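These notes are about the structure you will find just below.
Here, each number is a calculation from the coordinates, and none is a lab measurement. Quantities reported herein were computed from a predicted structural model and do not represent experimental measurements. A quick note on method: Cβ atoms are made from the backbone with ideal geometry, for glycine too, and the neighbour counts reach across all protein chains shown.
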Amino acid sequence: MDTRAWNGVTKSQTGLSSIGIRQNSARLALLLARCKTDNKRCCRQTPLDTTNCQGKTFPILPASRSIKMKLYHFQTGKFRSSAGGDGRSDDNNQHYFHETETLTENWLMSLVPRSGLDRTDRGRSVLESPKTRLSNLVRLLSLLCLAVWAAVPLASAQTPAGLDVQLYSGLTVTGAVGTVYSIEYVTDLSQTNAWRCLDFLRLPATNYLWVDPSPPATGRRFYRAVADVRSNMAFIPPGSFRMGSPTNELGRLDDEGPQTVVTLTKGFYMAKYKVTQTDYGLVTGKFPSVFNSDPSQPVETVSWADATNYCAKLTQRERAARVIRTNSVYRLPTEAEWEYACRAWTSTRFSYGDDPGYATLANYAWFLDNSSHMTHPVGQKLPNPWGLYDMHGGLWEWCQDWYGPYPGGNAIDPQGPATGSYRVFRGGSWGCTGGECRSASRDFNPEGETGYVGFRVVLAPGQP
């Protein structure tokens, strides 16, 4: 018997393919071959006489006999032999088509049910009517083949799914969790002094895949990660917060709303301290402060233009000394960056809590009740949770933005109003009440240079 064609019907003609089995979950079917020599049943004797059968056909057995078959696996496309006479197919039989297998009479009867016959009649039918049973099976398989054939044009007419593939540059960073790295690149490795900073990354895992967030480059980029330690600055991670104050906050003013959900997508460094008189003099050569008994006091009596000029000169100086990368910049923080850093993921009135009676504020701030109406050296009070000192009180701090109302809703990396009359400052000063030193408190200065406004700087990557 040809194990790939039975009675002139091949697998492809019957439609018993892997698609048909999967789509229809059809039960396993058995094709019984007829004797090729005299078209009569042979091998009726017991036990099986393979000599008389001459390998031309399967024997028709009594109820206790069995038939040898093989298993065809539709996932692998391979045949495998099956032995034994327990009448069961493989445990995972939905993946096999039975070409030749060992089956009992009971299992044979389950494949070709005959209505109106009891178990005894069906047993007799197996012995007496193989032609009828074969005919029924062929008709059933033909119908199945026709159904599969009819479905093929529908499947092929469907529009194939598109696949949009884009390649992104990245870098795997391996190091200690919590370490801050400067992610840098060059387009030519021979230009050893041309590394540019793309991002500051605090490593969240020992092995971390960083993906370049900038638009795809037209040329090649070579990346590196350099551990970045800055003892006088605190790293501020990216994140989201609610800017402004709720309407029921004690001491709230109208310009602190509407509250806006702000997302900052990039990390940056912020100076732990306000710029001191020593810092300012070394960069600009000027000492404008009114309170000048100690050079470690914060510089004051500086305008917004003075503060931004200091940032520009400091950037130029440290680029030349290769302390920062060629595109990194010192600048004033945006108002959103300032409040985010001040709150340090808190939502209370102060970074340390609500403190409705201002009983604890003196531990964190110089303000009207404890300042003696003057400035004091930086870093003498407790820092906020991110290691920033004097964020409450001491001196107001210039921000980059124009003063204006908050937009409300959601904002990503906001830069403040496009235009305005005055620049905004934050944090309170030595002459302010406790309520004016809250995290959400804000003000503007129509006078320009005063003895109660100073600033601190942030370091961030510039344009790539």
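Note on region 253-269 and region 370-413: Cα centroid distance 14 Å, given to the nearest whole angstrom.
For region 187-238, applying the loop criterion from DSSP together with a ceiling of 12 other beta carbons within 10 Å to the trypsin sites (Lys or Arg not before Pro) yields Arg220.
With all pairs of separate Cα atoms included, region 409-464 yields a Kirkwood hydrodynamic radius of 14.0 Å. If R0 is 45 Å, what FRET efficiency do you get for Thr179 and Asn370 from their C-beta distance, rounded to 0.05? Rounded to the nearest 0.05, the efficiency is 0.75. Quick one: what are the phi-derived ³J(HN,Hα) couplings along region 329-344, Karplus 6.51/-1.76/1.60 with θ = phi - 60°, whole Hz, x for glycine and proline? Calculated HN-Hα couplings, in order: 9, 8, 7, 6, x, 5, 4, 5, 4, 5, 5, 4, 5, 5, 5, 6 Hz. Remark on Gly267: its backbone amide H falls under 5 Å from those of Phe200, a criterion applied only to residues 5 or more positions apart or on other chains, H modelled at 1.01 Å from N. Placing dummy labels 7 Å off each Cα toward the beta-carbon, the span from Thr360 to Tyr422 is 3.2 nm.
How high is the FRET efficiency between Thr187 and Leu140 when r is their beta carbon distance and R₀ equals 60 Å, given to the nearest 0.05? Display every interim value, and only then the final one.
On the way: r = 69 Å, r/R0 = 1.15.
The formula returns an efficiency of 0.30 here.
Compactness of region 292-431 was expressed as the Cα radius of gyration divided by 2.2 N^0.38 Å, which yields 1.14.
If you filter region 317-352 for trypsin sites (Lys or Arg not before Pro), then keep DSSP loop positions with at most 15 other Cβ within 10 Å, what is left? Numbers along the way, then the final one.
On the way: sites: Arg317, Arg319, Arg322, Arg325, Arg331, Arg343, Arg349; in loops: Arg322, Arg325, Arg349.
Hits after loop and neighbour filter: Arg322.
With 0.36 nm allotted per residue and the present C-alpha distance subtracted, the Arg230-Thr265 stretch has 10.5 nm of extension available. Under 5 Å between amide hydrogens, built in the peptide plane, is the criterion, and for Thr276 it picks out Val299 among residues at least 5 positions away or on other chains. Converting phi to 3J(HN,Hα) with the Karplus coefficients 6.51, -1.76 and 1.60 and the offset θ = phi - 60°, region 223-231 yields 10, 8, 10, 10, 4, 10, 10, 10, 5 Hz in sequence order, with x at every glycine or proline.
Over 19 Å between Cα atoms, which of Lys313/Lys381; Lys266/Lys381; Lys266/Lys313; Lys274/Lys381 qualify? Can you show the working numbers first?
Numbers: Lys313/Lys381 29 Å; Lys266/Lys381 29 Å; Lys266/Lys313 24 Å; Lys274/Lys381 13 Å.
Going by Cα-Cα distance, Lys313/Lys381; Lys266/Lys381; Lys266/Lys313 fall outside the 19 Å limit.
Put simply, the amide H of Asp443, placed in the peptide plane, has neighbours under 5 Å in Phe425, leaving out anything fewer than 5 places away on its chain.
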